[in-house]
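Below: one structure, written as structure tokens.
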Amino acid sequence: MDFEKLYIDGQWVPGASGQFIEVENPAERRIFARVPRGNAEDVDKAAKAAHKALPAWSALPLAQRIALMEKFLTIFKSQEDDLIDITIKELGSPYSFTKSSQVEYQYVRTRSYIDLAPKVPMVEKMACSTTYREPVGVIGCITPWNYPLGQVIQKIIPALLMGNTVILKPSQHTPLSSYYLADAFEKADFPKGVFNLVTGRGGEVGDALSSHPLVDMISFTGSTSGGITVGKRALESVKHISLELGGKSPYVILPAASHDYTDPIHICFNSIFLNSGQTCTAFSRLLVPENEKETIEKQLVKIAAEYTVGDPTDHTVKLGPVSSLQQYKKISEYIQKGMDEGARLLLGGLPQSPDKGYYIAPTIFTDVKNDMTIAQDEIFGPVLCVIPYKDEDDAVRIANDVRYGLNAGVFGPKEKAIALAHRIQAGNVYINASPRDTEAPFGGYKESGLGREGGIYGMIEFTQQKALFDSGK
Ligand code: NAD
């Protein structure tokens, strides 16, 4: 794969700046690839191409767009080994998780969008009118590094199926897997200009995308601060805006008569230690009943031993390195901050040195107060805050006392857990060991976002409604 080009208007072209951004393997601290440092000129070319391709693409019958997407999916699946390899290299996520979640789950999501596309209510009849859903137009997709393929798939597949054209700007830290998608669109014979890839920095390519007059919508996933900046800029030309942002998600354990907390601890750890804690939905605040705290603390330490850290190419490892030196430093600073603020370190702590890779072991703070920085800020690393609560009202108060509202979980007797879940301000709440439906809506309350991804809800985001009043003569 030639990573040194951009994909614009169906062609692999050099970036206008002639400059590149290096991509580092965080497990080895080795630069192994580089991509063009795109700029406003590249965005302008891509926007013109996407705008030109729009009328024909949106006029194509849905069945034909689906047929092309089926072809894309077949090619996308055939790239599996390369995608696993490149994701491990650019992100450092461990093999088993990379295979199942970072890569294979994206086939499931793509399939789900293909199957649901014909079910999106595109036309609705009323007494005097008919409403039609139409594509929004040219979509600028800006994505983060933590799920390099997943966050892209959640945007580009529904956007394209709904008849929009796309310009993708993946994260500058993990841009490489997106090249395989561009390659698959090319091999699947998507018309030129329908999908475009422009790599680069947020302040350059992201900026240019969110202010370009031919871009009709910005679909952004990333930090809340980045989303606010992009959203403000996009609003200057009243673009559609969809924002999937950060989280500081609570996981509430209700008292168990048996005093055995193995199951909820596993659920919480599988979330906060997944992808080395670099998951927007991570259960980073564990709310425990005050009088069960010591019992739970002992079980936390014991079970944490199962979460091994090491070389991400080792098939048995659970946590690889964190994704970059920047992440390593940021997480380390938060661990130091937690100690300074008086939280008690139950496990882990400051990492030793990043010489052999950006590794950080699972870290658990207990006796955390919800107004501490480590309980309020998204650390985005394998750092869990254990916060004791007095009763259910107190648990709800603590759960909601953050600016975010992306995800939550409640473990306990089902009816009680559901009642508590209804009181938590979050777009998703998991009850006990429930898995999620791929078609369920995903997105945040409060400062965790605007809009929804996933299923029919995620497809509707990429449409706008027109009402025709047609009952008269
Ligand atoms: P980030 O905000 O730094 O960057 C995200 C993307 O936006 C990147 O492509 C970046 O280049 C671009 N960008 C950043 N600042 C920009 C600006 N001012 N103008 C235009 N573009 C800009 O986020 P990140 O560090 O890549 O990702 C981690 C964050 O993403 C975390 O906060 C995490 O919670 C969030 N996230 C949210 C979801 C979700 O679905 N809610 C999913 C994954 C990650």
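Just to be sure, is ILE418 in a helix (DSSP H, G or I), touching a Lys or Arg at 6+ places or on another chain (Cβ under 8 Å) and open to solvent by 30 Å² or more (accessible area, probe 1.4 Å)? When the stated conditions are applied, ILE418 does not pass them.
Looking only at residues of the range 188-209 that are of a type outside the set (Gly, Ala, Ser) and in a helix (DSSP H, G or I), we find that the one that is farthest from VAL13 (Cα to Cα) is ASP207.
Restricting the search to strands (runs of 3 or more DSSP E) fully inside the range 1-66 and requiring at least 1 residues that are in the same structural domain as LEU91 (by TED's automatic domain parsing), open to solvent by 80 Å² or more (accessible area, probe 1.4 Å) and farther than 21 Å from HIS212 by Cβ gives 20-25, 30-36.
A single member of LYS71, LYS77, LYS99 is open to solvent by 30 Å² or more (accessible area, probe 1.4 Å) and farther than 21 Å from GLU186 by Cβ, and it is LYS99. Of the candidates TYR147, TYR113, the single residue that is touching a residue at least 40 places away in the same chain (Cβ under 8 Å), aromatic (Phe, Trp, Tyr) and open to solvent by less than 10 Å² (accessible area, probe 1.4 Å) is TYR113. Among the residues of the range 185-210, those that are among the charged types (D, E, K, R) and either more than 9 Å from the ligand (Cβ to nearest atom) or in contact with a Pro (Cβ under 6 Å, 6 or more places away or on another chain) (or both) comprise GLU186, LYS187, ASP189, LYS192. Among the residues of the range 218-235, those identified as touching a Ser or Thr at 6+ places or on another chain (Cβ under 7 Å) and more than 8 Å from the ligand (Cβ to nearest atom) are ILE218, SER219, ALA234. The C-beta contact set for the range 68-84 (first residue outside the structural domain of LYS192 (by TED's automatic domain parsing) and closer than 20 Å to ASP115 by Cβ, second residue open to solvent by less than 90 Å² (accessible area, probe 1.4 Å) and modelled with pLDDT of 95 or more, distance under 9 angstrom, 6+ apart or interchain) is empty. Can you pull out every residue in the range 116-135 that is out of contact with any Gly (no Cβ under 9 Å at 6 or more places or on another chain) and either aliphatic (A, V, I, L, M) or at positive phi (or both)? If the condition is that a residue be out of contact with any Gly (no Cβ under 9 Å at 6 or more places or on another chain) and either aliphatic (A, V, I, L, M) or at positive phi (or both), then ALA117, VAL120, MET122, VAL123, MET126, ALA127 are the ones that fit. Among the residues examined, TYR107 does not qualify as assigned to a strand (DSSP E or B) and either at positive phi or in the same structural domain as LYS89 (by TED's automatic domain parsing) (or both).
Within the range 424-458, the set of residues being assigned to a helix (DSSP H, G or I) and buried (at least 22 other Cβ atoms within 10 Å of the Cβ) comprises just one member, GLY458. Within the span defined as the range 323-342, every residue fails to be at pLDDT 95 or above, closer than 23 Å to ILE267 by Cβ and open to solvent by 60 Å² or more (accessible area, probe 1.4 Å).
Screening the candidates PHE462, PHE380 for the property of being surrounded by 23 or more Cβ atoms within 10 Å (Cβ to Cβ) and within 26 Å of ILE139 (Cα to Cα) yields one hit, PHE462.
Does the range 141-158 include one or more residues that are under 23 Å from ALA40 (Cα atoms) and of a type in the set (Gly, Ala, Ser)? Within the range 141-158, none of the residues are under 23 Å from ALA40 (Cα atoms) and of a type in the set (Gly, Ala, Ser).
The values are calculated or read from the model by the stated rules, or taken from the named source; none is laboratory data. These numbers come from a predicted model, not from an experiment. Note that each Cβ is placed from the backbone with ideal geometry, even for glycine, and that neighbours are counted across all protein chains shown. Note: areas computed on protein heavy atoms with side chains; ligands, DNA, RNA excluded. Shrake-Rupley method; radii C 1.70, N 1.55, O 1.52, S 1.80 Å.
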